[in-house]
Amino acid sequence: MIKILKFLKPYWLWIITFLVLVVIYVVATLQLPDYMAKIINQGILPQDNSVVWHTGLLMLGVSLLGGIATIGVNYYASRIGSGFAKDVRTAVFSKVEDFSLTEFNRFSTSSLITRSTNDIQQIQMVLIMVLRQVVQAPLMGAIAVAKAYHTAPSLSWIIALAVILMLGLIITVFSIAMPRFQLLQKLIDKLNLVTRENLTGLRVIRAFNNEKIQEKKFDDANRTLTDTNLFVNRLMVVMFPALMLLFNFAALGIIWYGAKLVSINNLEIGNMLAFMQYAMQIIGAFLMFSFVFIIVPRASVSIKRVMAVINTKPEIKDPDKPIKPTKSSGLVEFKNVTFSYPVADIPVLYDISFTAKPGQTTAIIGSTGSGKSTMINLIPRFYDVTSGHILIDGVDVRDYKLENLYTKIGYVPQRGVLFSGSVESNIKYGAPRAKESVMTEAARISQSTEFIGKLGNSFEAPVSQGGANLSGGQKQRLSIARAIAIKPEIYIFDDSFSALDFKTDLNLRTALAKEVKQKTVLIVAQRISTILSADKIIVMNDGKIVGQGNHKKLMKENKVYQEIAASQLSEEELKAYQVGVDRQKTANLKMVEGGAK
Amino acid sequence: MSKDNISIDAEKKKTPAHGMGHGPMGRGMVGMAEKPKDFKGTMRKLIAYLKPYRVLISVVFVFAIASTIFSIASPKILGNATNQIVSDYVKANAYDQITAKLPAGYQIPAGTNGNDFLKNLPEAMLSKIHSNTLDSIKSLDLSQKPTFNFGKIRYYAIILISLYLFAALMTYIQGWIMSGVAQDISYKLRRQISEKINRLPLSYFDKRTYGDVLSRVTNDVDTLSQTLNQSLSQAVSSVVMIIGILAMMFWINWLMTLVSLVLLPLSILIISFIVKRSQKLFKDQQNSLGDIDGHIEEMYAGHNVMRVFNGKARSIAKFNSINDKLYESSWKSQFLSGLLIPITTFVGNLNFVGVAIVGGWLAIKGTIQIGDIQAFIQYVNQFNQPVSQVAQITNVLQSAAAAAERVFEFLEEKDELAELAKPVVLNEVKGAVEFDNVVFGYSPDKTIIHKFNTKIEPGAKIAIVGPTGAGKTTMVNLLMRFYDVSKGAIKIDGVDIRDMRRADLRKLFGMVLQDTWLFNGTLKDNIAYGKPDATMKQIESAAVAASANHFIHALPHGYKMELNEEADNISSGEKQLLTIARAMLAKTPMLILDEATSSVDTRTEILIQKAMEKLMKGKTSFVIAHRLSTIRNADLILVMRDGNIVEQGKHEELLKKKGFYASLYNSQFVTSKTA
């Protein structure tokens, strides 16, 4: 946790200036009561006007100095705090950008987002608060104690008593309130949960006529929240009057016991009043300082969470000695690949071996959890294999410079992930310098031209965060266009056609077929109709390859494949398809023959 | 599979208000006041809300005024105590000075007072002595050293102690009452919002995000309750305090008061300047924060894609440029808003100096006493706080009014059409459904169903097909009366569904939707959702019929297993089976089903399909169909496209038509050499 302080290092000069200013401020502030005492003792009582004026002007100068120092303190506190937060934010963000899915899974995406945003913001707020108010407190307290003790040692016990009582009060109130503050957060979450449930389940609730039950649920959460809130509020209400009482009693005590000292000539009146001011500063300083114990634990949770990210070493990074392949065609080979997620006991993939050749379509099918997606995620190194090798053009993917590996791969995720910007910036995301023609061609192949035209601004049309202003199908098509635009050697489609209706799907794949003729294509699919004509179908079950071959072969030999097929298509349809494929094949053959002539 | 997908949906749901303009960070920040559209109107409504509490609130006001008056009185009394000490001290001092010059052992006769002593002094010496010292010497009994009048001081101390105690007690009671009132009102408002949610027509939610409603329930109500809790009584006591302190200050000395008031407009001017400037900077900061949060969210959610398309350098560059902007606005707004305290302290110090100089001068002249200076300084110190509170009260009231406005706005939305006074009650439902010239559009200017007519026999199976986004759920919405038809009527067994009570109508339908809504609770409670009084036996047999029993028993705690908040501790296929079991248990005469699509693996799919078939037996069912087997043996197929019903009929008829349905159907089986 202390390690986070290294981010303060670049600001050491500012910090020193800041500390000097704090000292100036504290000394100046504590000088004022002394001058006041002087005015009373040497000016008013002996009735010397010149002392009053002279000292008064000195006071003016000192308080001006103090004022300027505080402005400086505040200036540097703001700059140091914000700069610190900026640096931490950059450190966290660039670290996360280097994370692989292993780290993303360990932290969870939502937690990483909170760590990069709210947690850092929280730390910044606390740091600025500490710099502004808490740092000066011990100094203020120490000097004031020294001065007070010097002025009237026999009155010091009043201050000590007041401080002890105040700390006792704060500790009592907060030790009761703290756990309830945490409880409050939970109760608010609960209330939010019920409300969200009511909103997202609106139709179901109404369909089952359960409005009253939901209202009751909400009411329970509402009631507990209100009660706890009330308790905490009423507890906190104690603080202000109690502290006032403390300050007032301290002042009264000083006057009472001070008068006794004055009466035996042990204390001058001016000094008694100065002592009172010191006492207030001391109690105030302790009050400020006790905030540390309230705010720092809150920040420390955030600091720990942030440091956990910063201290993580990403598992997947550039190799020390990258290897460049001698030829580049996009040949993908899996050699005895086994993979298990970190901390999982059982591997997700066992001993996977296959080859996906350029110019061929390799499809992967299997039930949920059979490891299809995991398998293709290993190619762009979202994860690294536990054992075995994945080779592209004969070189292990782990020996590639990451950047070079990525340029070989056109990856299309399951859900169309887009970034805010324009249609153009999204299609050209992987190839920012691509020509206009490449972009329009990619749009055409992905069947996006028509809907882009309807967006109003054509390729300039804005895309909002996450592509929220586009439909699922449109997002999928644009993410296909994005992959086409980088002209990769290997295409990876992770069930990327699911949001398209049959017709668009068909048109898209017909157009795509020409584009990918010489490329290696890997498709993960759920719909069997998507992959019927693939050159090679890999059937996955429980992390193992249970069959390889084309549709015809698998239909004959493979039980799992037969099952999948039977669940999606009726016999009739399968036959109808077969006729279609045969016809298509004859047509293709004729075309090829025609071309040969 | 789910492990490979980076999903931020869950988080989005958790922080719905994030980035919505008035998220949790947006409000409550220093100097960020949101302006209400209609301040007066909202305030009037708010006051109407406060009416039942008027007695309590008056008590709070009385206590606030009383405790303020007490705390205003105390510095003056403390000053009196100091004065007593000073004058005793002066006397003792004078005695010491006079007796010091006497020869040793000389005894002043009893009864000699200061006057006798002064008579013997030469004129030149006399003129040097100040008039008020002269006065105290005159009445001095020189025969013995004067002692301090501790009786008088004790008297002041006792008064002060009781004042302090009373003031503290009253402040506490006032806070105690007010937090009760504030919490009570928040409770009521939240309850009303929750009830309102269930009364609003579904069309209301077409235009708004859930986050918007959520933020009204939590953030807005919170802002309101905080304002009620603190600002109301604070405003009253601040005003009383300002008046009271001014009065006391003038009472002590007008000149000193004027000196300290000279600085007041200056500090108000500075404060208002700072508040104005920092508001703009806070807005900038808020915008940059929103930008950076947005970028972070987007990049983390699309991490895979960012990585594979070599987007890292660009992503970091964009991040840095936003981060720089954020830094600028952040330190500036922090600096400026942080100036408030030092500047008011500085002005306070200037005041202190002014009071010390003028007070010292006046004290020497004998116009005032030292205790008065001390009291005055205390008043000056106390003065700043209520002034800056009053200066901020408009901001506070405005943001409270803005929050209240959003809450009231929601509560005043139009409810669903009221139920008929004498609704028709169907006793025995056969399940005949008739669409009679139905016209419907989600918005009045865009009709999507034009004069739709059809008669459905009891027990028939109706398939609704069409590409994604074709509006298949519209049928569900109309049948369940989530929306009302614009023209025409939907009739069940000949009765217009608008003539029934909504609750009665909805009891006729069992519903299994793709969007499997389950709630945070046990599996048992989820299955029994439509029939909360169901016995365990009934629940279990429904689960058996839905093929859910088996997997439930395989889960930890079985039927008592708690679904978590996102209901993602069971698979989507299992969720679907649960909703089927839920519909099974409800035993309704009619059904609305949404078939599972690709998110479920094939074996589970078979289970679901079988369960659905079992469920549909003998019931009029509307099925949003994806599966060919369902479509082919449906009694009626409704083909939807772009929200419209474009074709209807049986499978063979529609195929013969060679229309949209035929092309939809055929496109599945003609493949080319594809990717």
Sequence-distant residues sharing a close amide H with residue A:400 (under 5 Å, placed H): A:323
Loop-resident sites, region B:413-488, for trypsin sites (Lys or Arg not before Pro), counting at most 12 other Cβ within 10 Å (DSSP): B:414
Candidate lysines for bridging to residue A:6, where Cα separation is under 26 Å - those fewer than 8 sequence places away on the same chain excluded: A:86, A:95, A:304, A:313, A:317, B:312, B:318, B:325, B:332
Long-range HN-HN contacts of residue A:415 with modeled amide H, under 5 Å: none
Surrounding net charge for residue A:299, when Lys and Arg each add one and Asp and Glu each subtract one, Cβ distance under 11 Å: +2
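Taking 2.2 N^0.38 Å as the expected size of a compact globular protein, what ratio does the Cα radius of gyration of the protein assembly as shown give against it, to two decimals?
Normalised by 2.2 N^0.38 Å, the Cα Rg of the protein assembly as shown equals 1.21.
Relative contact order (percent) for region A:332-596, with alpha-carbon contacts under 8 angstrom and 6 or more residues of separation?
About 25 percent, as a whole number.
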Cα gyration tensor, region A:332-596 - rounded (a/c under 1.5), prolate or oblate: oblate
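With n ≥ 4 as the cut-off for DSSP H runs, can you work out [θ] at 222 nm for chain A, using -39500 (n - 2.57) per run divided by the number of residues, rounded to the nearest 500?
Rounded to the nearest 500, the figure is -21000 deg cm²/dmol.
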Sequence of B:361, A:157 once ranked by neighbouring C-beta atoms within 10 Å, starting from the fewest: A:157, B:361
Of the DSSP H helices in chain B, those whose Cα atoms cover at least 15 Å axially and whose Kyte score averages 0.0 or more: B:39-50, B:54-100, B:150-199, B:232-252, B:254-301, B:340-365, B:370-411, B:572-586
Proximal aspartates and glutamates relative to residue B:537, as straight alpha-carbon distance under 15 Å, when same-chain residues fewer than 8 apart are discounted: B:525
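222 nm [θ] for chain B, helices only, -39500 (n - 2.57) per DSSP H run of 4+, per residue, to 500?
About -20000 deg cm²/dmol.
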Proximal lysines to residue B:145, defined as alpha-carbon separation beneath 17 angstrom and excluding residues fewer than eight positions away on the same chain: A:260, B:91, B:101
Whole-Å distance, taken between Cα centres, linking region B:537-559 and region B:193-254: 49
Cα principal axis extents for chain A, largest first, Å: 126, 62, 52
Sequence-distant residues sharing a close amide H with residue B:641 (under 5 Å, placed H): B:646
Chain A: DSSP helices with Cα axial extent of at least 24 Å and average Kyte-Doolittle hydropathy no lower than 0.5: A:12-38, A:49-97, A:156-200, A:269-310
Ascending count of other beta-carbon atoms within 10 Å, so fewest first, for B:154, B:54, B:191, A:381: B:54, B:154, B:191, A:381
Charge-dipole axis of region A:332-596 as Lys and Arg at +1 and Asp and Glu at -1 on Cβ define it, positive-most pick from A:541, A:346, A:332: A:332
Electrostatic dipole magnitude of region A:332-596 [Cβ: Lys, Arg +1; Asp, Glu -1; Cα centre; debye, to 20]: 520
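No lab work stands behind these numbers, since they all come straight from the coordinates. The model shown is predicted, which means the values in this text are computed figures rather than measured ones. Neighbour counts are summed over all protein chains in view; Cβ atoms, including those assigned to glycine, are modelled from backbone coordinates with ideal geometry.
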